[in-house]
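Colleague: Handing you this structure, nothing more for now.
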Amino acid sequence: MNKAEKKSMFVYMQLATYISDLLYRYECVIIPGFGAFLTQYQSAKIDVNTHTFTPPGKAVMFNRQLQTNDGILANYVANVENCSYTLALQKIRNFTGELSLQLSEGNTVRLENVGDFHLNEERAVQFQPSENGNFSTAAFGLGSFTTQEISREVYRKEVKALEEKAPIHFTPERRTAPAYLKYAAIGLLAITLAGFGGMKFYEGQVQDHNFAEKQKAESLVESQIQEATFVFDNPLPAVRINVPKEQGKYHIVAGAYRIEANAQKKIDQLVAKGFTPKAIGVNRYGLHQVIYSSHEDRLEALRALRTIKTTESKDAWLLVKELDK
C-alpha cells in the first residue's frame with residue numbers, strides 16, 4: 001500500500017467515525033454531494049427459528065436524494081479537528097470524491113460500524129447496513145444472544161419421574177383454638193367497635209363547631225370590607241413593558257429533528273436553561289428545526305454563536321434565512 005492509499009484509508013476511518021458519532025445524536029446525517037444516512041427505531045425481536053433475542057435499537061438507512069449540505073457534518077469535523085469550516089468542507093469533498101472513484105472501479109467501500117457501499121448492475125449506489133450498527137443510546141451495551149429451545153414434553157417427563165421417585169403426601173391437621181381465645185377475640189372486637197363509634201361522634205361535633213365558627217368569621221370580614229374606604233394620595237404611574245419580538249434573518253440552530261416531539265423536548269430543555277428558543281418550521285428535508293435565537297445583525301449573531309459554542313453546544317451553527325411572518 002503506497003502513501004496515497006494509506007492517506008485515503010485514514011480519511012475513510014476518520015469520516016466513518018464522525019458519521020457514526022453523529023448518528024447517535026441526529027436522525028439524519030447528510031454527506032454533502034453524496035447522500036444522507038437516516039435512522040429508524042426498531043423494537044426488540046425474537047427469531048423463533050434460531051431462538052435469537054435482538055435488543056431494540058435504531059437501524060440506519062441511506063437516501064441518495066438528500067445531498068444538500070445542512071452544516072451538521074462539516075461543523076462536527078471543524079470542531080473535532082480544530083480547523084475552519086471551509087477546510088472541513090474540503091475534507092468532506094475529498095472523501096466523497098475518493099468514495100465515488102472506488103465505487104466506479106467496482107470496489108466495495110466499507111464505513112466501519114455504519115455499512116458497505118457498492119454499485120449494482122444498473123450502476124446505482126447500494127447500501128448494506130452494518131450488522132453491529134445500533135445507534136440507540138438507550139440500548140448501548142446490549143447485544144443479541146441465542147438460547148436453547150425448551151421442550152415442554154421433556155420437562156413434563158422429568159417432573160413426572162421426580163414425583164414417582166419421591167412421592168410426597170401431605171394431610172393438613174385441623175387445629176382447634178381454646179375457648180378462652182374465642183371470648184377474648186369477641187371482647188376485643190366489641191371494644192374496637194365502641195371506640196370507633198365514639199370517635200366518629202366526636203368528629204361530627206368538631207366539624208359542626210368549626211362550620212359555625214367559620215360562618216361567624218366570614219360574616220365579620222364581609223361587614224368590615226363593606227365599611228372600609230381606600231384612598232391613595234400618590235398613586236403609582238402605570239408601567240408599560242415592551243417585549244421584543246424575535247426577528248431577523250440570522251438564526252442560531254440548536255438542532256433538527258425528524259419527529260416533532262423530539263423538537264419540543266429540545267425547546268423545553270433550552271427553556272429550563274434560560275434560553276428563549278422556538279421552532280421555525282420544517283426544512284426541505286422534513287426535519288423540525290429548533291433555534292436558540294434570531295438576530296438582525298450578522299456580527300451580533302456571530303458573537304452569540306461563538307458564546308453558545310463555547311458554553312452550551314459545539315454543534316450549534318448559523319442559518320441565514322428569511323422566516324415567514
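Colleague: Calculate, for residue 303 and residue 279, the FRET efficiency according to 1/(1 + (r/R0)^6) with r their C-beta to C-beta distance and R0 30 Å; round to the nearest 0.05.
Modeller: Details: r = 24 Å, r/R0 = 0.79.
Plugging the Cβ-Cβ distance into 1/(1 + (r/R0)^6) gives 0.80.
Colleague: Let me ask something else about it. Cα-based Rg (one decimal) and Dmax (whole number) for segment 69-128, in Å?
Modeller: Rg then Dmax for segment 69-128, in Å: 13.6, 41.
Colleague: May I pose another question? Based on the Cβ-Cβ distance of residue 125 and residue 320, what FRET efficiency does E = 1/(1 + (r/R0)^6) give at R0 = 41 Å, to the nearest 0.05? The partial results should precede the final answer.
Modeller: Working: r = 31 Å, r/R0 = 0.76.
For R0 = 41 Å, the calculated efficiency reads 0.85.
Colleague: Given R₀ = 22 Å, FRET efficiency for residue 87-residue 110 by Cβ-Cβ distance, to 0.05? Please list the in-between numbers first.
Modeller: Numbers: r = 26 Å, r/R0 = 1.17.
So, using R0 = 22 Å, E works out to roughly 0.30.
Colleague: OK, next. Return the tail of the calculated pair distribution for segment 260-325, meaning the percent of Cα-Cα pairs more than 21 Å apart. Walk me through the numbers on the way to the answer.
Modeller: Working: 514 of 2145 pairs.
The share of Cα pairs beyond 21 Å in segment 260-325 comes to 24 percent.
Colleague: Follow-up question, since we're still on this one. Beyond a 25 Å Cα-Cα separation, which of these cross-linked pairs lie in this structure: 91/265; 58/249; 91/278; 278/309? Mind dumping the intermediate values first?
Modeller: On the way: 91/265 33 Å; 58/249 35 Å; 91/278 33 Å; 278/309 18 Å.
Over 25 Å Cα-Cα: 91/265; 58/249; 91/278.
Colleague: Identify the residues of segment 270-304 with backbone N under 13 Å of a label point that sits 7 angstrom from the Cα of residue 68 along the Cα-to-Cβ direction, or state none.
Modeller: Correct set: 282-287.
Colleague: Starting from the Cα of residue 262, move 7 Å in the Cα-to-Cβ direction to define the label point; list residues of segment 296-313 whose amide nitrogen is under 20 Å from there.
Modeller: What the label zone holds, given the 20 Å backbone N cut-off, is 313.
Laboratory data are not the source of any read-out in this text; all were calculated from the coordinates shown. The structure presented is a predicted model; accordingly, all values stated were derived computationally and were not measured. For neighbour counting, all protein chains shown are included, and Cβ atoms are generated from backbone atoms with ideal geometry for every residue, glycine included.
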